[in-house]
Amino acid sequence: MSRNIGNTVITLGILASVLFFIAGIILLISSIDLTTLRSVKGTTVAESYYQQIGYYGIAYSLASFAFGFFSLTLSIGIGNWLILRQKPAIKSVTLDKKCPSCAESILLEAFICKYCHHEFKKDDILNRLSYILKDGSYQAKNGALNILLDLKDPSLTHEVLNLIDNAPPEQEVLIKKSLKYLTTLRVAGTSKELVNILCKSKNFGLLYQPKVLMIINAIKEIGDPECLPLLVELLKNKRMLKHNNLKKTLVYTIAAFGNDAIPHLENVANESDKTSRKLANALINHINS
């Protein structure tokens, strides 16, 4: 839907700019004719009047050109933004495997073949899921995450973390499912790895903010204080702090750790720049109150 709207916005912007340019050209030609209007008897009051209108017309034609350029630039910018934020549609995908005994196709998550009753080891299923999470299609990864959420096996935590790290921001569904897997199992060290993903991030713009917010909220939900040293260090990240919604979410998440966060906040309050010190001190006061 966003892609179609984006293309429509660009098309309308191009049409509007063309109309502005055509109107500007017609008005400019007509206005130049009026400014050169002369009679053999010299300039009369009527001629002066029409010449003045001509000068105004030239100004309006230039404004028309400017509006045309502005509408073209604005429509391309908004249209491309809408196209880029398009979330890939998830088709219904069934992940299958071939039974080594009877060669029939069965569901990947099946532990027993429904045709010949051959039994599968859990490790075989997890190895296939690991491969899909690394190199599978968008739809296949979505299906693999559904299976993982049912199995509730923590052995693929590293693969899921890599998926979150490498997933583009428009793949919001995959990121949500991956974070749901992590917050459900709460494997030790997961929060620390999520904070590392944020620390490595260089882009906190509008398109990337939903992904960043989901990661911060997942860190809060897991509630592992092991991540606090790195999490509090994000108070020094100026690129993140210039976005109020990210700053507020980060501050609330740190505050949720209570007294465990105070020693780390004190380090920031003693060493960082003015903005970071102010945030750290405010958090300390809030936790102590």
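Out of the residues in the stretch 238-248 that are surrounded by fewer than 21 Cβ atoms within 10 Å (Cβ to Cβ) and touching a helix residue (DSSP H, G or I) at 6+ places or on another chain (Cβ under 8 Å), which is nearest to Ile262 (Cα to Cα)?
Filtering the stretch 238-248 for residues that are surrounded by fewer than 21 Cβ atoms within 10 Å (Cβ to Cβ) and touching a helix residue (DSSP H, G or I) at 6+ places or on another chain (Cβ under 8 Å), the one nearest to Ile262 (Cα to Cα) comes out as Lys247.
Might you let me know whether the stretch 137-147 holds any residue that is under 16 Å from Tyr181 (Cβ atoms) and in contact with a Phe, Trp or Tyr (Cβ under 7 Å, 6 or more places away or on another chain)?
yes
Of the conditions (1) farther than 18 Å from Leu95 by Cα; (2) touching an Asp or Glu at 6+ places or on another chain (Cβ under 8 Å); (3) surrounded by fewer than 19 Cβ atoms within 10 Å (Cβ to Cβ), Glu172 satisfies every one except a single condition; which number is it?
Unmet condition: (2).
If a residue has to be within 18 Å of Asp260 (Cα to Cα) and within 29 Å of the chain's Cα centre (by Cα) to count, how many in the stretch 278-289 make the cut?
First, pick out the residues of the stretch 278-289 that are within 18 Å of Asp260 (Cα to Cα): 279-289.
Subsequent filtering for residues that are within 29 Å of the chain's Cα centre (by Cα) retains 279-280, 283.
Looking only at that region, the number is 3.
From the list Ile175, Ile106, Ile164, exactly one residue is at pLDDT 90 or above, among the hydrophobic types (A, V, I, L, M, F, W, C) and assigned to a strand (DSSP E or B). Which is it?
Matching residue, one of Ile175, Ile106, Ile164: Ile106.
The values are calculated or read from the model by the stated rules, or taken from the named source; none is laboratory data. Since the structure is predicted, the reported quantities are computational estimates derived from the model, not experimental observations. Counting neighbours? That spans all protein chains shown, and the Cβs are built from the backbone with ideal geometry, glycine included.
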